[in-house]
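The values are calculated or read from the model by the stated rules, or taken from the named source; none is laboratory data. Model, not experiment: these values are computed from the prediction. Ideal geometry is used to build each Cβ from the backbone, glycine not excepted, and the neighbour counts take in all protein chains shown.
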Amino acid sequence: MNILITGGAGFIGSELVRYLIKKRKNVINVDKLTYSGNLENLSEVIFKKNYKFYKTNISNQTKIYHILCKYKPTYVFNLAAETHVDRSIDNPIKFIKTNVLGTFFLLESVRKYLKILKKKEKKKFKFIHISTDEVYGDLKKSKNFFTEQTRFDPSSPYSSSKASSDHLVNAWHKTYKIPTIITNCSNNYGPFQFPEKLIPLMILNVLENRKLPVYGDGKQIRDWLHVKDHVRALWTIAKRGKVGETYNIGGANQIKNITLVKKICKYLDYKKKKNIKNSFIKLITYVKDRPGHDIKYAINFSKLKRKLNWKPLYNFDNGLKKTIEWYLKNSEWCKKILKKNAVYKKRQGII
């Protein structure tokens with residue numbers, strides 16, 4: 001079985017690549033290799049016979065169509081996206097180009113490709129579009145959860161660009177009968193995450209004795225999903241998910257940002273033998289909140305659990321500890337990534 005993954009050098013994409021290679025699937029990875037896409041993430045699979053890599057943009061219809069025709073993938077996983085909210089506020093056009101126009105061009109490439117497939121091959125094909133819970137907007141102080149029926153109400157250029165791409169995927173399914181599935185996941189964490197994201201940023205700043213910038217009062221609530229649970233869900237959905245459906249993927253771990261940062265500090269206190277008086281918690285610095293900052297996300301993934309028998313396996317505290325340990329043991333990976341990214345040095349900790 002051949003599987004095409006776009007954005008396969010990123011955090012979630014590279015985890016999916018490694019997961020499928022271990023399952024002995026033939027993986028074709030397409031990635032433009034922007035700041036957050038790194039081949040360092042794929043060092044363990046790069047020489048595998050069942051792995052191919054193409055450096056290209058999903059907007060390059062000629063190249064993407066050629067790859068589709070050459071390998072005839074059963075599944076296409078679209079993870080190619082700009083994902084950082086602050087970057088979208090600073091420079092929204094990149095998010096429109098990649099997340100909206102990129103998805104459009106990719107869908108058009110797939111539409112053209114499906115025309116050459118035999119009926120039996122077309123029946124097996126699925127296009128899985130990976131999106132975010134941020135398209136649903138802000139739960140604020142409500143005790144409710146996002147469901148697949150929640151109305152889209154995005155707050156940032158990033159989330160609005162992803163909402164737009166979701167609408168495109170739905171429209172191409174309804175109009176052109178492309179066999180699509182959309183997934184909306186909560187915040188991911190785990191190894192190989194780019195260091196501007198909350199968890200790795202806090203870990204690395206602690207290790208360098210830098211301030212730990214927390215937006216506003218830090219009481220924003222996020223639902224955390226381990227990346228390994230996420231890719232397990234994606235594979236389950238690819239195999240058994242129903243075409244035309246949307247599936248929410250959550251981690252059942254709603255926690256305030258400030259509580260999470262303190263958990264990281266306390267575990268590193270333990271590792272570095274710090275006492276209460278010298279705790280890394282003292283590095284926490286509250287900074288001006290960002291525009292349009294959502295207060296709460298929480299995912300209801302009961303549909304995925306009920307229909308496809310999936311649930312997260314990672315306990316958050318254990319998953320967080322293992323993640324911290326990974327960053328402690330992989331300082332060379334962090335150095336290589338940060339060296340390539342001068343922007344990070346300027347931002348120094350915007351969450």
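Take the residues in the range 74-104 that are polar (S, T, N, Q) and either modelled with pLDDT of 95 or more or more than 19 Å from Leu16 (Cα to Cα) (or both), then tell me which one is farthest from the chain's Cα centre (by Cα).
Ranking the qualifying residues of the range 74-104, first place goes to Thr74.
In the range 155-183, what residues are closer than 22 Å to Phe127 by Cβ and part of a loop (DSSP other than H, G, I, E, B)?
Lys177, Ile178, Pro179
In the range 200-209, what count of residues is obtained for those that are surrounded by fewer than 19 Cβ atoms within 10 Å (Cβ to Cβ) and either acidic (Asp, Glu) or at pLDDT 95 or above (or both)?
Of the residues in the range 200-209, 1 are surrounded by fewer than 19 Cβ atoms within 10 Å (Cβ to Cβ) and either acidic (Asp, Glu) or at pLDDT 95 or above (or both).
Any residue in the range 3-24 that is more than 17 Å from Ile249 (Cβ to Cβ) and without any contact (Cβ under 8 Å) to a residue 60 or more places away in the chain sitting within a Cβ distance under 7 Å of a residue that is of a type in the set (S, T, N, Q) and buried (at least 24 other Cβ atoms within 10 Å of the Cβ)? List the pairs, counting only those 6 or more apart or interchain.
Filtered contacts from the range 3-24: Ala9/Asn29; Ala9/Asn41; Val17/Asn29.
Look through the range 87-118, keep the residues that are assigned to a helix (DSSP H, G or I) and basic (Lys, Arg), and return whichever of them is surrounded by the most Cβ atoms within 10 Å (Cβ to Cβ).
Arg87
Quick check on the range 125-168: of everything there that is among the polar types (S, T, N, Q) and touching a Cys at 6+ places or on another chain (Cβ under 8 Å), which residue is surrounded by the fewest Cβ atoms within 10 Å (Cβ to Cβ)?
Among those that are among the polar types (S, T, N, Q) and touching a Cys at 6+ places or on another chain (Cβ under 8 Å), it is Thr132.
Counting just the residues of the range 342-351 that are surrounded by fewer than 17 Cβ atoms within 10 Å (Cβ to Cβ) and either of a type in the set (A, V, I, L, M, F, W, C) or assigned to a loop (DSSP other than H, G, I, E, B) (or both), which one comes out modelled with the lowest pLDDT?
Gln348
Can you tell me which residues in the range 19-63 are surrounded by fewer than 22 Cβ atoms within 10 Å (Cβ to Cβ), not in a loop (DSSP other than H, G, I, E, B) and not hydroxyl-bearing (Ser, Thr, Tyr)?
Ile21, Lys22, Asn26, Leu39, Glu40, Lys52, Phe53, Lys55, Gln61, Lys63
Mind listing whichever residues of the range 266-300 are of a type in the set (D, E, K, R), under 22 Å from the mean Cα position of the chain (by Cα) and either modelled with pLDDT under 95 or exposed (fewer than 14 other Cβ atoms within 10 Å of the Cβ) (or both)?
Arg290
I'm trying to understand the selection: among the residues of the range 73-88, which are out of contact with any Phe, Trp or Tyr (no Cβ under 8 Å at 6 or more places or on another chain) and over 19 Å from Thr183 (Cβ atoms)?
Once the filter is applied, which keeps residues that are out of contact with any Phe, Trp or Tyr (no Cβ under 8 Å at 6 or more places or on another chain) and over 19 Å from Thr183 (Cβ atoms), the range 73-88 yields only Asp86.
Step by step: first the residues of the range 239-265, then only those that are among the aliphatic types (A, V, I, L, M) and closer than 24 Å to Asn184 by Cβ, then the one that is surrounded by the fewest Cβ atoms within 10 Å (Cβ to Cβ). Which residue is that?
The qualifying residue surrounded by the fewest Cβ atoms within 10 Å (Cβ to Cβ) is Val243.
Would you call Asp289 in contact (Cβ under 8 Å) with a residue 24 or more places away in the chain and farther than 14 Å from Asn187 by Cβ?
For Asp289, the condition - in contact (Cβ under 8 Å) with a residue 24 or more places away in the chain and farther than 14 Å from Asn187 by Cβ - is met.
State the number of residues belonging to the range 184-199 that are surrounded by fewer than 23 Cβ atoms within 10 Å (Cβ to Cβ) and in a strand (DSSP E or B).
Result for the range 184-199: 1.
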